[in-house]
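A quick write-up on the structure given underneath.
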Amino acid sequence: MADLDKYRECIRQLLTEYAQRVSSNNEIEAQTIFDGEQDHYQLIYIGWQNRHRVFGPVMHFDIKNGKIWIQWNGTEEDVGEQLVAMGVAKNDIVVGFHPPYIRQYTDYAVG
């Protein structure tokens with residue numbers, strides 16, 4: 001049985017650490033969004049860069065049916081492995097941005 005409180009804390013910690021790594025551009029803000037009631041968690045960038053609006057998700061996680069779903073990862077980091085290093089079981093992680101037929105070839109859960 002998944003420890004949902006532990007999983008929520010792992011996601012919060014991961015997103016908070018990434019938010020602190022924001023580039024040196026003072027016009028772009030990293031915002032963390034934690035919805036513990038619905039189990040949706042995001043890191044977004046918002047601001048301006050060279051007169052262009054920056055707004056969008058960097059990472060998005062959900063917790064569904066006792067598993068962490070990586071819905072979006074806009075970084076080059078393997079956040080699944082980082083979650084495993086934090087104590088999350090691989091069979092409790094779903095790479096949701098991969099189609100179901102590809103998930104079976106990952107080291108993580110299918111769904």
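The values are calculated or read from the model by the stated rules, or taken from the named source; none is laboratory data. All values derive from a computational prediction rather than experimental measurement. Neighbour counts are summed over all protein chains in view; Cβ atoms, including those assigned to glycine, are modelled from backbone coordinates with ideal geometry. Heavy atoms of the whole protein, side chains included, go into the accessibility calculation; ligands, DNA and RNA do not. Shrake-Rupley method; radii C 1.70, N 1.55, O 1.52, S 1.80 Å.
Quick notes on this one:
- Considering the stretch 39-64, and only residues there that are in a loop (DSSP other than H, G, I, E, B) and more than 23 Å from Arg8 (Cβ to Cβ), the residue that is modelled with the highest pLDDT turns out to be Arg51.
- For the criterion of being under 16 Å from the mean Cα position of the chain (by Cα) and open to solvent by less than 70 Å² (accessible area, probe 1.4 Å), Ile28 fails.
- Only one entry in Val54, Val110 is over 13 Å from the mean Cα position of the chain (by Cα), surrounded by 14 or more Cβ atoms within 10 Å (Cβ to Cβ) and over 21 Å from Glu17 (Cβ atoms), namely Val110.
- All positions within the stretch 65-111 that are among the hydrophobic types (A, V, I, L, M, F, W, C), farther than 16 Å from Leu43 by Cα and outside any loop (DSSP other than H, G, I, E, B): Val84, Ala85, Ile93, Val94, Val95, Ile102, Ala109
- Residues of the stretch 6-25 that are open to solvent by 80 Å² or more (accessible area, probe 1.4 Å) and touching a residue at least 24 places away in the same chain (Cβ under 8 Å): Gln13 alone.
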